[in-house]
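Novice: Before I ask anything, let me first share the structure, which is written out below as structure tokens.
The values are calculated or read from the model by the stated rules, or taken from the named source; none is laboratory data. As the structure is a prediction and not an experimental result, all values here were calculated from the model. Glycine gets a Cβ as well: all are built from the backbone with ideal geometry, and neighbour counts include every protein chain shown. All accessible areas refer to the heavy atoms of the entire protein, side chains included, with ligands and DNA or RNA removed. Shrake-Rupley method; radii C 1.70, N 1.55, O 1.52, S 1.80 Å.
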Amino acid sequence: MGMTMTQKILAAHAGLDSVRAGQLIMAKLDLVLGNDITSPVAINEFNKNGFNEVFDKNKIALVMDHFVPNKDIKAAQQCKQCRMFAKSFDITNYFDVGDMGIEHALLPEKGLVGPGECVIGADSHTCTYGALGAFSTGVGSTDMAAGMATGEAWFKVPSAIKFELKGKLDPLVSGKDVILHIIGMIGVDGALYRSMEFTGEGLASLSMDDRLCMANMAIEAGAKNGIFEVDDVTLEYVKGRVNREFKVYKADADAEYDETYVIDLSAIEPTVACPHLPENTKNARELADIVPDQVVIGSCTNGRLSDMKAAAEIFAGKHVAKGVRCIIIPATQTIYKESIKLGYIDTFIDAGCVVSTPTCGPCLGGYMGILAEDEIAVATTNRNFVGRMGHVTSKIYLASPEVAAASAVAGRICDPRDLK
């Protein structure tokens, strides 16, 4: 029996000729990731278990991004603990104020993940790197601690679902709409502990940013990981970024999948996930009576340069509707700087938006955009659970940057194709 992309990567990293779904393995790791919330717990476990060295100082990444710049004393203490750990073990890839970014945008940008690699991170959206043809998945802080010390992690090999993409997206429709459509179709547990594997001729029309967005939200369908077949788009992206050898893994022709879905990209509409689950999807045009108090454009899902561009093109010559607060968050310092050069930041400010340093802040109800009682947000983030961005009676509608920007201007949820 053949293997899927994920199974081939896991077999290679476990030193095995083949693996099968459900098999327990120990695999060698190419990167271990933590942030300012999860790393302190891992560091405590690392110390408690008596570890006195890391497996490879170049294969650990600590990214201060959730509450950075620090929002309070607790956040400052957490970052200090990470900072001291990084200094103690001379961790190469430590990112703090001034050179940090949102972790799942920063690591691909820095070339820290490449095709065929095996990555764990103490953050559920570590599945983002599957866009590059890597196996990457979120783990608990205890597993992160063990990974930092040993360079290995155990996995149960997942079975897989195949998503065969065909056609091409219409203008003003993006990868966010595709993944919301898929989650709406299969549900938040539709891929539970399975690999979501994306392939097909439609891949050629998806940018790397589209793919990073889609892989990022695989966890919102319950998946162990999301992974894209490596093609010319992938290879062009990693060229000049990934400065080491990597191996491309392609699924066998007789690989076994639990299900196969054919997705016609040309049929995808601007899609919004209504409160309080990412599976609760509707077309944007069905929600024209929803009036947001706040719009957030950013996060590890949609804070990349193409997202800034899409939003800026909609805001150009327009203004945020009265009564709406709009927060723009470029995902990394590089994206922020490029947005300045390209005039996007001027466009945002002229339109009445506020622009923030890179941070996860509002996405998880941390800071920089907390919602009050009964307030409504349209956000390009990845989760809309009860109380996710603030008060338990607040509501979050998940959308693409195009829909979010159009909604900020219209003062209601708006299909960007209908914006006057």
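Novice: Quick one: order Asp123, Asp90 from most to least accessible surface, probe 1.4 Å.
Specialist: Per-residue accessible area, sorted high to low, gives Asp90, Asp123.
Novice: Counting alpha carbon pairs within less than 8 Å and at least 6 residues apart, what relative contact order, in whole percent, applies to the range 8-73?
Specialist: Relative contact order for the range 8-73 comes out at 34 percent.
Novice: If R₀ is 30 angstrom, what is the calculated FRET efficiency for the pair His319 and Asp374, using the beta carbon separation as r and rounding to 0.05?
Specialist: My answer for the efficiency is 0.75.
Novice: Determine the calculated [θ] at 222 nm for the chain from helices alone, applying -39500 (n - 2.57) to every DSSP H run no shorter than 4 residues and normalising by the residue count; nearest 500 deg cm²/dmol.
Specialist: -8500 deg cm²/dmol
Novice: Hey, another quick one. Sorted by mean Cβ packing within 10 Å, highest first, what order do the peptides 32-38, 284-290 take?
Specialist: 32-38, 284-290
Novice: To continue, here is another question. Probe radius 1.4 Å, ligands and nucleic acids ignored: give me the carbon and sulfur share of the accessible area of the range 287-363 as a rounded percent.
Specialist: That fraction is 56 percent.
Novice: Same structure, new question: If packing is taken as the average count of other Cβ atoms within 10 Å, what order do 356-363, 233-240 fall into, highest mean first?
Specialist: Descending packing order for the listed peptides: 356-363, 233-240.
Novice: About the Cα centre of the range 1-93, what is the dipole size in debye to 20, counting +1 per Lys and Arg Cβ and -1 per Asp and Glu Cβ, all else neutral?
Specialist: Result for the range 1-93 is approximately 100 debye, rounded to the nearest 20.
Novice: Roughly speaking, to the nearest percent, how much of the range 1-43's 1.4 Å accessible area is carbon and sulfur?
Specialist: In the range 1-43, the share of accessible area belonging to carbon and sulfur is 55 percent.
Novice: Charges on Cβ only, +1 for Lys and Arg, -1 for Asp and Glu, centred on the Cα centroid of the range 171-293; of Ala218, Gly202, Ile263, which one is farthest towards the dipole's positive end?
Specialist: The Cα lying farthest towards the positive end belongs to Ala218.
Novice: Report the local net charge at Pro115: Lys and Arg +1, Asp and Glu -1, summed over other residues whose C-beta lies under 13 Å from its C-beta.
Specialist: For residues surrounding Pro115, the net value is 0.
Novice: Over the residues of the range 66-137, compute the C-alpha Rg and express it relative to 2.2 N^0.38 Å.
Specialist: Cα Rg divided by the expected 2.2 N^0.38 Å: 1.21.
Novice: Leaving out ligands and nucleic acids, note down the accessible area per residue over the range 109-172 with a 1.4 angstrom probe, in whole Å².
Specialist: 26
Novice: How large is log10 of I(q)/I(0) for the range 1-147 at q = 0.16, 0.19 Å⁻¹ when the intensity is taken from the Debye formula with one equal scatterer per alpha-carbon?
Specialist: -0.84, -1.12
Novice: Which aspartates and glutamates have a Cα less than 12 Å from the Cα of Lys247, not counting those fewer than 8 places away in the same chain?
Specialist: Counting by Cα, and skipping residues close in sequence, Lys247 has these aspartates and glutamates nearby: Glu117.
Novice: Can you give the relative contact order of the chain as a percent, counting alpha carbon pairs under 8 Å and 6+ residues apart?
Specialist: Normalised by residue count, the contact order of the chain is 17 percent.
Novice: Mind jotting down the three principal axis lengths of the chain based on Cα atoms? Whole angstrom, largest first.
Specialist: 58, 51, 40
Novice: Continuing with the same structure: Could you do me a favour and compute the accessible area per residue for the range 264-420, 1.4 Å probe, result in Å²?
Specialist: Accessible surface, normalised per residue, equals 37 Å².
Novice: Which whole-Hz ³J(HN,Hα) couplings does the range 321-329 yield from phi under the Karplus relation 6.51 cos²θ - 1.76 cosθ + 1.60, θ = phi - 60°, glycine and proline marked x?
Specialist: These are the phi-based 3J(HN,Hα) values: 4, 4, x, 10, 9, 10, 10, 10, 10 Hz.
Novice: List the Cys residues of the chain that have no partner Cys with a C-beta closer than 4.7 Å.
Specialist: Cys79, Cys82, Cys118, Cys127, Cys213, Cys274, Cys300, Cys360, Cys363, Cys414
Novice: Taking the Cα centre of the chain as origin, sum charge times position over the Cβ atoms of Lys and Arg (+1) and Asp and Glu (-1), and report the length of that vector in debye to the nearest 20.
Specialist: Dipole magnitude for the chain comes out near 780 debye.
Novice: Going Cα to Cα from Lys395, which lysines come in below 20 Å? Please leave out same-chain ones fewer than 8 positions away.
Specialist: Straight-distance partners of Lys395: Lys176, Lys282, Lys322.
Novice: Would you list, by chain and number, the aspartates and glutamates whose Cα falls below 16 Å from the Cα of Lys166, excluding same-chain residues fewer than 8 positions away?
Specialist: Once the sequence-local aspartates and glutamates are set aside, what remains near Lys166 is Asp177, Glu197, Glu201, Asp210, Glu229, Asp231, Asp264, Glu269.
Novice: Right, another one. Shape of the range 231-274 from its Cα gyration tensor (a ≥ b ≥ c, root eigenvalues): rounded if a/c is under 1.5, otherwise prolate when a/b > b/c, or oblate?
Specialist: Oblate, because a/c is 1.5 or more while a/b does not exceed b/c.
Novice: Continuing with this model, one more query. Evaluate Rg over Rh across the range 1-62, taking Cα atoms for both radii and Kirkwood's formula for Rh.
Specialist: We get a ratio of 1.09 for the range 1-62.
Novice: Right, another one. Could you give the dipole magnitude of the range 306-372 about its Cα centre, charging the beta-carbon of Lys and Arg +1 and that of Asp and Glu -1, in debye to the nearest 20?
Specialist: It comes to approximately 120 debye.
Novice: Turning to a different aspect of this structure: Pairs to check: Lys48/Lys80; Lys28/Lys80; Lys168/Lys224; Lys57/Lys110. Give those whose C-alpha atoms are more than 20 Å from each other in this structure.
Specialist: Long pairs (Cα-Cα over 20 Å): Lys28/Lys80; Lys168/Lys224.
Novice: Local charge sum around Glu103 (other residues, Cβ-Cβ under 11 Å, Lys/Arg +1, Asp/Glu -1)?
Specialist: Surrounding charge for Glu103 is -3.
Novice: Same structure again: Mind grabbing the base-10 log of I(q)/I(0) for the range 183-340 at q = 0.13 Å⁻¹? Debye formula, identical points on the C-alpha positions, no solvent, two decimal places.
Specialist: Rounded to two decimals, the profile gives -0.80.
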